[in-house]
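Nothing in this text is a laboratory measurement; each read-out follows from the coordinates by a stated rule. Since this is a predicted model, take the numbers as computed values, not measurements. For neighbour counting, all protein chains shown are included, and Cβ atoms are generated from backbone atoms with ideal geometry for every residue, glycine included.
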């Protein structure tokens with residue numbers, strides 16, 4: 001595996017080199033002891049669309065500024081060290097590619113956001129196959145367009161929210177592709193603010209201090225097949241329209257204020273095929289409109305879904321619920337959402353006509369979850385015998401739980417997902 | 001005194017009920033752990049059983065035993081023995097046999113499947129609950145001579161601690177919903193050994209995160225060593241106080 005990927009890199013590098021030569025561009029080698037022994041010198045003498053090959057070694061270059069379209073490739077993973085003082089690479093030109101480096105020890109700032117690689121108002125920038133270790137911000141895109149951030153490993157060791165930046169931070173961008181990155185130990189794994197028409201695909205974001213993915217005012221994006229686990233507060237998606245969330249895994253976000261997925265003011269979005277495993281709250285929804293939540297699996301969460309009465313036209317269909325302490329929690333009696341055709345492991349009804357749909361409705365909301373919504377202090381009666389008795393009676397004669405919050409067509413068997 | 005304790009234990013063993021109780025506990029504990037793939041979940045299911053069955057069996061078995069051995073007690077009183085040591089022997093005989101059967105029935109499976117501090121605390125609390133309800137049963141049975149009345153009182157006391165008390169707590173919570181009740185709740189929970197045991201165990205399991213702000217305040221107290229020790233002391237008082245009062249009554253009682 002390792003050999004073949006190296007081989008591919010090798011071929012890729014040579015293909016790039018050949019291609020650049022075809023375009024009448026030149027290749028500059030950077031190595032210790034040669035004429036251009038620093039990357040900055042090589043950049044200064046290079047022409048647009050040249051290639052710079054950097055051989056292995058540790059480079060202490062303070063701040064490298066790339067101001068023309070260049071391809072910069074690290075061979076045998078050279079190390080760029082920021083000495084805990086500097087921003088390591090600043091990209092201020094279009095069509096820049098950076099790959100194969102290890103960037104470590106960036107500076108730290110309280111006023112300015114120092115990053116390992118920062119992109120300033122540029123287009124068509126590709127940052128791939130880098131290892132970014134112990135930096136304040138990892139990769140920072142400021143007004144970037146059509147950029148690709150791919151297969152980077154971004155690790156940091158933050159302990160407090162204030163003292164660490166985000167892994168991949170994107171602000172005011174368009175058409176980004178964030179693919180196959182692994183992010184650990186930052187404040188937010190991936191941060192999106194005012195980013196549109198972008199895709200986040202196959203990333204793994206875990207053990208970050210705050211959110212695995214933090215998503216605000218970012219319309220028309222999709223995040224697909226990512227894994228967000230063991231983050232301080234899970235994933236948060238806020239004030240966004242038309243966002244697609246497919247086949248992600250949200251797991252082990254466990255704690256007093258942790259949510260698998262926190263949704264606030266979301267409309268016209270899709271939540272399909274995701275897995276929510278062992279979160280305190282699988283999904284927390286507030287002000288969500290016109291959003292189908294379908295074919296998801298909720299396994300062993302505290303609350304599978306907390307849906308506030310401010311949500312409208314949320315259609316929860318064809319989901320599987322297994323082993324959650326509470327299936328649904330809500331704070332009011334107004335129900336403008338649909339809960340039909342789900343599989344609930346707590347359903348105790350029967351199916352006489354054998355159409356695989358239960359003949360009596362299922363009420364996924366327990367009396368106790370209504371009680372604690374009105375009076376959170378009652379939580380000290382959690383798992384007492386009286387509470388389970390109350391829940392049983394409420395199942396038979398509903399009085400305190402919202403009349404309309406029910407699944408009229410509960411499935412008898414779990415859906416194959 | 002030692003002879004009397006020995007006799008009481010042998011007598012209890014002969015009745016076979018205690019053996020049945022041990023086997024029942026063992027079967028339940030073993031099957032709960034085998035059914036759940038996650039042992040923490042098993043512990044949680046076992047907690048419900050422990051809080052339900054252990055007090056019930058302890059209180060009813062002890063009450064019946066005291067009433068059934070009233071002739072034996074009369075015989076002992078006619079001997080040159082102190083009433084205090086007779087009563088304490090009955091108490092220690094009953095609690096030893098119930099604790100031993102709990103240790104074998106539930107303790108062994110817990111130690112086998114979940115030998116963590118939480119598991120050990122759970123065993124400790126099961127033993128405490130057994131002894132507490134023996135003490136309460138002694139008090140109930142010494143208060144009245146009539147067997148039916150005594151049994152009724154024992155069952156009512158169990159019902160009160162297991163269910164009614166929580167209902168009252170819920171009622172209070174809704175009546176005083178506008179006030180911060182976390183601290184009074186903590187004091188209130190000490191008034192019921194079953195609630196106190198449930199909270200001590202729940203706070204040690206990861207479901208405690210579901211308990212929100214209230215849980216966090218409880219955790220701040222019970223999570224510390226002082227908090228834990230004072231909770232155990234409160235449970236200890238639940239043994240000492242009923243036992244003391246029952247002893248006071250028994251010493252002056254006209255048998």
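The ratio of the alpha-carbon radius of gyration of segment A:285-417 to the globular-protein estimate 2.2 N^0.38 Å is 1.02.
Could you work out, residue by residue across B:170-178, how many beta carbons of other chains sit within 10 Å of that residue's beta carbon, and then give the average as an integer?
Details: counts 11, 0, 1, 9, 5, 0, 2, 5, 0.
The per-residue average across the peptide is 4.
Segment B:78-107 and segment A:341-417 have Cα centres separated by 45 Å.
How would A:350, A:223, A:86 line up from fewest to most surrounding beta-carbon atoms within 10 angstrom? Mind dumping the intermediate values first?
Numbers: A:350 9, A:223 26, A:86 19.
Least to most surrounded, the residues fall as A:350, A:86, A:223.
Our summary gives chain B a relative contact order of 26 percent, counting only alpha carbon pairs under 8 angstrom and 6 or more residues apart. Taking a ≥ b ≥ c as the square roots of the Cα gyration tensor eigenvalues, segment B:123-168 comes out oblate, since a/c reaches at least 1.5 and a/b does not exceed b/c. Take each peptide in B:175-185, A:75-85, count the other Cβ atoms within 10 Å of every residue, and average; sorted highest first, the result is A:75-85, B:175-185. In plain terms, the chain from residue A:171 to residue A:45 could stretch by 42.2 nm, reckoned as 0.36 nm per residue minus the Cα-Cα distance. Helix A:2-22 against the longest principal axis of chain A: what's the angle in degrees, Cα atoms only, rounded to the nearest 10? Its long axis makes an angle of about 50 degrees. Against the main long axis of the alpha-carbon atoms of chain B, helix B:212-222 sits at an angle near 50°. Going by the alpha-carbon gyration tensor, a ≥ b ≥ c the square roots of its eigenvalues, is segment B:40-168 rounded (a/c under 1.5) or, if a/c is not under 1.5, prolate (a/b greater than b/c) versus oblate? Here segment B:40-168 falls in the oblate category.
Pairwise Cα separations in the protein assembly as shown fall into 20 Å bins from 0 onward with the following percentages, short to long: 16, 36, 27, 15, 5, 1.
Between segment A:278-332 and segment B:186-249, the alpha-carbon centres lie 34 Å apart.
For segment B:177-239, the Kirkwood estimate of the hydrodynamic radius, built from every pair of different alpha carbons, is 11.9 Å.
Note on residue A:161 and residue B:145: the model spin-label points, each 7 Å out from Cα along the C-beta direction, lie 7.0 nm apart. Calculated translational diffusion coefficient of segment B:2-252 (4 °C, 1.567 mPa s; Stokes-Einstein with Kirkwood radius over alpha-carbon pairs) equals 68 µm²/s. What FRET efficiency would be calculated for the residue pair residue A:84, residue A:257, taking the C-beta separation as r and a Förster radius of 30 Å, to the nearest 0.05? The computed FRET efficiency comes out at 0.45.
Only Cα pairs under 8 Å and 6+ residues apart enter the sum, and on that basis the relative contact order of segment A:188-280 stands at 25 percent. What shape does segment A:132-196 have by the C-alpha gyration tensor, where a ≥ b ≥ c are the square roots of the eigenvalues, rounded means a/c under 1.5, and otherwise prolate means a/b greater than b/c and oblate the rest? Here segment A:132-196 falls in the oblate category.
Give the relative contact order (percent, whole number) for chain A; include only Cα pairs under 8 Å separated by 6+ residues. Show your work: numbers first, answer last.
Numbers: 1294 pairs, mean separation 25.9, N = 417.
For chain A, the relative contact order is 6 percent.
Taking the fewest neighbouring Cβ atoms within 10 Å as the starting point, the ordered list for B:211, A:367, A:245 is A:367, B:211, A:245.
Report the residue, chosen from B:196, B:188, B:129, that carries the largest GNM mean-square fluctuation when chain B is represented by alpha-carbon nodes joined by springs under 10 Å. In this elastic network of chain B, the residue with the biggest mean-square fluctuation among B:196, B:188, B:129 is B:188. Using alpha carbons only, how many degrees (0 to 90, rounded to 10) separate the axis of helix B:147-159 from the longest principal axis of chain B? Roughly 10 degrees between the two axes. Note on residue A:199 and residue A:315: the model spin-label points, each 7 Å out from Cα along the C-beta direction, lie 2.6 nm apart. Share of Cα-Cα pairs in segment B:1-57 beyond 19 Å, in percent? Cα-Cα pairs in segment B:1-57 separated by more than 19 Å: 45 percent.
With 10 angstrom as the radius, rank A:363, B:14 by how many other C-beta atoms surround their C-beta, starting from the fewest. Don't jump to the answer; show the numbers that get you there.
Values: A:363 23, B:14 10.
Ascending Cβ contact count within 10 Å gives the list B:14, A:363.
Separation of segment A:170-188 and segment B:3-24, taken as the distance between their Cα centroids, equals 68 angstrom.
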